[in-house]
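Structure first, then comments.
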Amino acid sequence: MEMKKIKYTGIGVLLLALLMIFPMVSAVAGSTLITPINDGNYTGTIFVNVTTDVANAMNITCLYNTSDGLALAAFTVVENTSVGQTVFEGDVDVSAFTDGITYNISCSVFGDTTEEAVPASGITIDNTDPVVTLEVLLDDMTVSSGSVFDYKCTIADAIDSGTTNVFTVINPLSVATSLSIGSSDFLNFVDTDEAGSYVFSCEATDYTGNSATSTATVVIDELGRSTITQTADSDSNNGLWIILIALAVLAYLYYNRK
């Protein structure tokens, strides 16, 4: 009986010890570069986040390169701000970095020991806006009702091929119509019965949030609408006949004068 008691007591002590040790072990993850991430695109700034288990960590020092070699150029240094600090964070201005080049970043933690986090690779800087080319042949003109607007819009981005594109025309009633993007030929917009401004807007936004917009405006005037209405009116046709008859009488008198 006494042996069983000792046995179970020993097992209990062992379990208690494991429960105390396990959280400590699970919390130990070395030093980890959380951000930036592999193969990410960034613009303006890069947020650096490193977690570590190094005792009395004083700072992290991050370096970068533009190839697969050893990172040598200074990227950022984040100093300790509190006792027992395990998370080091900072923003790095990358607006002067070369767009489209692949960067690699590695960070080391310095404290009672020195520990290096797993580097991040394939980081691309993208501070370049997309290029939007909008063509509307009657741009900045006032035309009559029923006119056909020839238009096209193309979008290019030297770094990001997956831009989000929106191309619409908003009529005078504030109704938007989606238009096709990327046509090599001019397309026709024919719904031009309402008088007022027709605003064409073509916009592109890339992965990092860089964007560009191009707009064009064509105006349908009330005079154009009323002119078209009058030409179809029967009174206008009667007036035309009167003019033609008068001209015929004048011609007869001219050629039959003595």
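The values are calculated or read from the model by the stated rules, or taken from the named source; none is laboratory data. All values derive from a computational prediction rather than experimental measurement. Don't worry about glycine lacking a Cβ; one is built from the backbone with ideal geometry, like all the others, and counts go over all protein chains shown.
When 206, 193 are checked against the criterion of being surrounded by fewer than 16 Cβ atoms within 10 Å (Cβ to Cβ) and either polar (S, T, N, Q) or out of contact with any helix residue (DSSP H, G or I) (no Cβ under 6 Å at 6 or more places or on another chain) (or both), 193 stands alone in meeting it. Look at (1) more than 27 Å from residue 222 (Cα to Cα); (2) in a strand (DSSP E or B) and you find that residue 150 fails only one, number (1).
When 148, 136, 175 are checked against the criterion of being aliphatic (A, V, I, L, M), buried (at least 20 other Cβ atoms within 10 Å of the Cβ), assigned by TED's automatic domain parsing to the domain that holds residue 207 and closer than 15 Å to residue 192 by Cβ, 136 stands alone in meeting it.
Those residues that are under 30 Å from residue 222 (Cβ atoms) and assigned to a loop (DSSP other than H, G, I, E, B), I need them from the stretch 106-145; list them, please. Within the stretch 106-145, 137, 138, 139, 140, 144, 145 qualify. Which of the residues that make up the stretch 93-105 are part of a strand (DSSP E or B), surrounded by 18 or more Cβ atoms within 10 Å (Cβ to Cβ) and either out of contact with any Phe, Trp or Tyr (no Cβ under 8 Å at 6 or more places or on another chain) or without any contact (Cβ under 8 Å) to a residue 60 or more places away in the chain (or both)? The answer is 103, 104. Taking the criterion of being closer than 13 Å to residue 205 by Cα and among the β-branched types (Val, Ile, Thr), the residues of the stretch 127-153 that qualify are 128, 131, 132. Is it true that some residue in the stretch 136-159 is within 27 Å of the chain's Cα centre (by Cα), within 24 Å of residue 45 (Cα to Cα) and among the β-branched types (Val, Ile, Thr)? Checked the stretch 136-159: at least one residue is within 27 Å of the chain's Cα centre (by Cα), within 24 Å of residue 45 (Cα to Cα) and among the β-branched types (Val, Ile, Thr). In the stretch 178-208, the residue that is nearest to the chain's Cα centre (by Cα) out of those that are under 25 Å from residue 129 (Cα atoms) and of a type in the set (S, T, N, Q) is 205.
Within the stretch 38-78, the residues that satisfy the criterion of being surrounded by 12 or more Cβ atoms within 10 Å (Cβ to Cβ), farther than 30 Å from residue 158 by Cα and of a type outside the set (Val, Ile, Thr) are 53, 56, 57, 58, 59.
Scanning the stretch 16-64 for residues that are part of a loop (DSSP other than H, G, I, E, B), modelled with pLDDT of 50 or more and touching an Asp or Glu at 6+ places or on another chain (Cβ under 6 Å) yields 31, 43, 54, 55, 56.
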